[in-house]
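Down below is the structure, laid out as structure tokens.
Since every read-out is calculated from the coordinates, none of them should be taken as a lab result. All of these numbers come straight from a predicted model, not from anything done at the bench. Note that we place each Cβ from the backbone using ideal geometry, even for glycine, and neighbour counts take in every protein chain shown.
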Protein chains: 2
Amino acid sequence: MNTPVLSLSRRLRKSPFEARSHAGAATASVYNHVVLPTAYASLEEDYWHLREHVQIWDVACQIQVEITGPDALKLAEYLTPRDLSNIVPGQCMYVPLIDERAGIINDPIILCLAPNRFWLSISDSDVLLWVKGLAVGAGFDVEVSDPDVFPLSLQGPKSETLLSRLIEEPVEDIRFFRFIETQIAGIPLVVARTGWSGQGGFELYLSDPSEGERLWDAVVAVGADLNLRPGCPNLIDRIETGLLSHGNDMTLHNNPIESGLDRFFKMGKAADYLGRDALERIADAGCPQKMVRLVVPGDPVRNPRETYLISFAGSGLDGCVTSITYSPRLKCNVGMGYVPSDHAEIGTELTITLPDGVVTGRIADKDWRTGKN
Amino acid sequence: MNTPVLSLSRRLRKSPFEARSHAGAATASVYNHVVLPTAYASLEEDYWHLREHVQIWDVACQIQVEITGPDALKLAEYLTPRDLSNIVPGQCMYVPLIDERAGIINDPIILCLAPNRFWLSISDSDVLLWVKGLAVGAGFDVEVSDPDVFPLSLQGPKSETLLSRLIEEPVEDIRFFRFIETQIAGIPLVVARTGWSGQGGFELYLSDPSEGERLWDAVVAVGADLNLRPGCPNLIDRIETGLLSHGNDMTLHNNPIESGLDRFFKMGKAADYLGRDALERIADAGCPQKMVRLVVPGDPVRNPRETYLISFAGSGLDGCVTSITYSPRLKCNVGMGYVPSDHAEIGTELTITLPDGVVTGRIADKDWRTGKN
């Protein structure tokens with residue numbers, strides 16, 4: 001299949017880092033109307049490097065939706081089944097947003113900047129329009145906007161050493177899913193211990209896009225001996241880590257219970273939220289399908305453009321693969337997908353229909369064990 | 001600058017035509033989470049071909065937001081300052097959607113399928129989330145969804161001849177901005193005399209994605225002697241035609257009066273709509289800036305990735321270019337942009353700051369005349 005080159009125009013929002021980040025990118029996509037590099041050397045080379053060293057990622061595409069005003073917390077609570085009543089400034093929380101039917105709108109990280117000021121650092125859908133529509137329609141007393149705040153991510157085992165050379169504060173004082181306000185080279189930043197990899201790291205939220213290249217260069221200047229390189233969210237690492245990708249692994253047509261996102265919240269929070277009735281009905285009735293991890297031995301399977309069907313021997317039931325890739329470390333394919341809830345046990349054998357044939361795999365636990373080896 | 005290849009995954013919604021349309025595409029972008037080819041042979045070759053022959057375009061990215069139910073018309077009216085009270089089944093209208101501050105959310109074509117059933121055929125923003133948010137928040141009695149309905153476009157002077165070979169109904173009976181329900185090769189379609197070019201044509205709305213390739217092939221099978229080729233919305237043609245591109249020429253930060261979209265509606269419609277107060281205040285006060293057409297003689301100017309500044313001699317005021325390209329037919333650059341309203345007269349001289357220097361141009365009328373030649 002032909003692969004066209006990505007064309008740019010003003011319609012795609014400009015990353016403040018793109019003059020640096022696009023230079024070596026082999027492939028890219030568009031995410032929240034912003035270019036997102038998807039591979040540099042190759043998926044596999046990028047993967048090994050990420051696990052051993054530290055990478056600088058242009059994730060400007062993780063744009064912010066800012067909610068401020070007297071009803072900011074009330075509206076934030078209204079958007080998600082997760083209890084935000086104890087959130088404090090400096091804290092991040094992963095918050096699935098759902099609609100009136102409990103369909104997943106997006107799965108941002110919320111940052112509490114002040115008791116009445118929040119950022120939703122979003123995955124790929126126009127949450128601005130959703131939140132504005134709800135706020136205007138239901139009369140919340142808030143301002144909703146998408147300020148020019150763009151994250152730069154430092155990921156990998158050497159990210160802590162790298163960051164310690166750049167900020168005055170002790171890096172170890174930044175706890176997981178917490179942030180501080182600091183500066184690098186005089187550039188004010190929000191720095192959070194978060195990031196879309198399994199290798200640890202930080203996200204630097206830049207509020208002045210004109211400083212993007214200077215920030216990038218300041219980071220790169222102190223990273224040579226750490227083997228710092230440009231990188232991007234890596235398909236192999238994120239599947240191995242079990243990070244769900246909105247649009248790939250769950251959409252508006254999935255609810256957070258079947259997608260397994262209910263591990264991030266308890267049912268029955270006090271505050272009012274949209275979709276409560278629907279979500280409680282789903283919780284009571286149980287979901288017919290469930291997201292599981294899949295291991296498929298053999299030749300590398302390409303991540304699906306279309307949906308690969310999952311079948312079970314002696315059963316008319318089926319499921320589908322949502323993400324899959326070859327793990328050069330585990331020497332098998334690792335993936336995620338939905339299967340009927342009564343076929344979701346670890347070790348269950350299944351077949352997957354690929355464009356060029358059928359392969360056999362098993363349902364795995366979160367460490368990719370199938371109980372069969 | 002390096003240009004990465006576009007990478008695909010399930011996150012990007014699948015066009016039913018992409019197995020055909022991606023094959024010869026040199027460049028592409030992402031629009032409404034769907035791949036949109038942006039050039040085949042080259043912008044210029046595609047342009048000349050479009051003006052002389054007929055092209056088949058994969059514009060599946062013009063996805064539909066469907067509104068059905070007892071309040072469907074009331075909600076549609078609420079979204080736009082344009083009066084929809086006389087819309088009838090079979091009719092299309094261009095409807096700028098605005099927010100509470102009269103900022104432009106999107107500029108879809110609305111199709112009236114039945115008195116209580118509409119499609120918004122949208123430009124690049126998640127109108128689904130906006131309309132759902134408003135409907136849920138304000139309690140409209142409607143269903144809002146984005147069904148798997150994808151347009152295929154036939155554009156160019158020979159499009160009428162081409163379509164006449166494919167449908168039983170007389171093509172000339174389909175008036176401008178009207179549609180019929182018909183079929184091609186047994187595939188049910190909505191066929192409208194619309195399309196994002198200045199050369200005339202039709203859009204075929206396919207409701208069964210599994211028929212996409214068969215529909216494409218059925219069209220191609222009867223087009224050889226008309227020199228039918230795959231194509232896509234062409235930058236040169238769309239600027240020459242004065243078609244505004246949401247995201248390029250207007251955003252949420254523009255209102256429809258300064259963008260010139262007020263020529264599509266009269267102020268003061270009877271039905272309630274969001275943003276009325278803001279829009280009336282803007283209409284009363286007048287806009288400080290106005291969208292104009294620009295002619296720039298000399299070497300070809302590339303369409304901006306960043307915003308090119310417009311300046312006026314002896315004035316501290318400035319403006320910006322939103323779209324520009326070289327017209328091989330007019331042998332000059334043609335573009336669009338915002339200028340101060342008191343510097344918007346046809347023929348006004350201006351300078352544009354490009355990445356590699358400053359060029360001089362003039363404000364032009366809709367036929368690209370500046371009154372100076």
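The table for this structure:
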item	result
Residues of the range A:267-310 with amide N under 16 Å of the 7 Å Cα→Cβ point at B:GLU143	none
Inter-probe distance in nm under a simple model that places probes 7 Å from Cα toward Cβ, at A:THR3 and B:GLU349	5.0
Residue pairs, from the table A:LYS331/A:LYS366; A:LYS290/A:LYS366; A:LYS132/B:LYS74; A:LYS74/A:LYS269; A:LYS14/B:LYS14; B:LYS74/B:LYS269, whose Cα atoms sit over 21 Å apart	A:LYS14/B:LYS14
Reduced Cα scattering model of the range B:289-373, Debye log10 I(q)/I(0), q = 0.23, 0.24, 0.26 Å⁻¹	-1.11, -1.22, -1.45
Dipole magnitude of the protein assembly as shown about its Cα centre (Cβ charges: Lys, Arg +1; Asp, Glu -1), debye to nearest 20	660
The range A:1-86: relative contact order in percent, alpha carbon pairs under 8 Å with at least 6 residues between	23
Long-range amide H partners of B:SER7 with built H, under 5 Å	A:ALA28, A:SER29
Amide N proximity, the range B:132-162 versus B:ALA224 label position 7 Å along Cα-to-Cβ, cut-off under 20 Å	B:158-159, B:161-162
Alpha-carbon spread of the protein assembly as shown, three principal axes, descending order, Å	76, 64, 48
As computed over chain A, the Cα convex hull volume per residue (Å³)	148
Cβ charges +1 (Lys, Arg) and -1 (Asp, Glu), total dipole of the range A:290-373, debye	340
3J(HN,Hα) from dihedral phi, the range A:5-21, Karplus parametrisation 6.51/-1.76/1.60, rounded to Hz, x for glycine, proline	7, 6, 9, 10, 7, 5, 4, 7, 4, 8, 6, x, 9, 5, 4, 9, 6
The range A:227-348 - convex hull of alpha carbons, volume per residue in Å³	161
Global size of the range B:101-166 as Cα Rg and Dmax, reported in angstrom	15.9, 48
Antiparallel content of DSSP bridges confined to the protein assembly as shown, in %, to 5	90
Modelled FRET efficiency - R0 30 Å, A:GLN183 with B:SER311, Cβ distances, 0.05 increments	0.30
Separation in nanometres of the label points that stand 7 Å from Cα toward Cβ, at B:LEU330 and B:THR241	1.5
Alpha-carbon Debye profile of the range A:1-155, log10 I(q)/I(0) at 0.10, 0.14, 0.17, 0.19 Å⁻¹	-0.43, -0.78, -1.02, -1.15
Order by protection proxy (mean Cβ within 10 Å, highest first), peptides B:321-331, A:269-279	B:321-331, A:269-279
³J(HN,Hα) computed for each position of the range B:279-287 - Karplus, 6.51 cos²θ - 1.76 cosθ + 1.60, integer Hz, glycine/proline x	5, 5, 4, 5, 5, 5, 7, x, 8
DSSP-defined beta bridges in chain B - what % are antiparallel, rounded to 5	95
Label 7 Å beyond Cα on the Cβ vector: A:GLY314 copy-to-copy distances, nm	9.2
Inter-chain shielding of B:29-41 (mean C-beta neighbours from other protein chains, 10 Å cut-off)	4
Least to most buried among A:MET291, B:MET93 (fewest other Cβ within 10 Å first)	B:MET93, A:MET291
Average partner coverage of B:134-145, which counts Cβ from other chains inside 10 Å	4
FRET efficiency for B:ALA19 and A:ALA26, using Cβ-Cβ distance with R0 set to 30 Å, rounded to 0.05	0.80
Cα lying deepest toward the dipole's positive end in the range B:162-277, options B:TRP216, B:PHE177, B:MET267, charges on Cβ	B:MET267
Label spacing, shortest first and in nm, from A:THR68 to its equivalents in the remaining copies (7 angstrom along Cα→Cβ)	4.3
Label geometry 7 Å along the beta-carbon vector: A:GLU100 inter-copy distances in nm	1.9
Largest-first ellipsoid semi-axes for the range A:118-265, taking √(5λ) over the Cα gyration tensor eigenvalues, angstrom	30, 21, 14
Listed residue (B:GLY103, B:LEU128, B:GLY90) projecting farthest to the positive dipole end of the range B:87-137, Cβ model	B:GLY90
Computed [θ] at 222 nm, helices only, for the protein assembly as shown once each DSSP H run of length n ≥ 4 contributes -39500 (n - 2.57)	-5000 deg cm²/dmol
Anisotropy class of the range A:1-68 from Cα gyration tensor, a/c 1.5 cut	oblate
Total formal charge among the other residues, if their Cβ is under 13 angstrom from that of A:PRO147, Lys/Arg +1 and Asp/Glu -1	-3
For the range B:168-254, the fraction of alpha-carbon pairs in successive 5 Å shells from zero, as %	3, 11, 17, 20, 21, 14, 9, 4, 1, 0
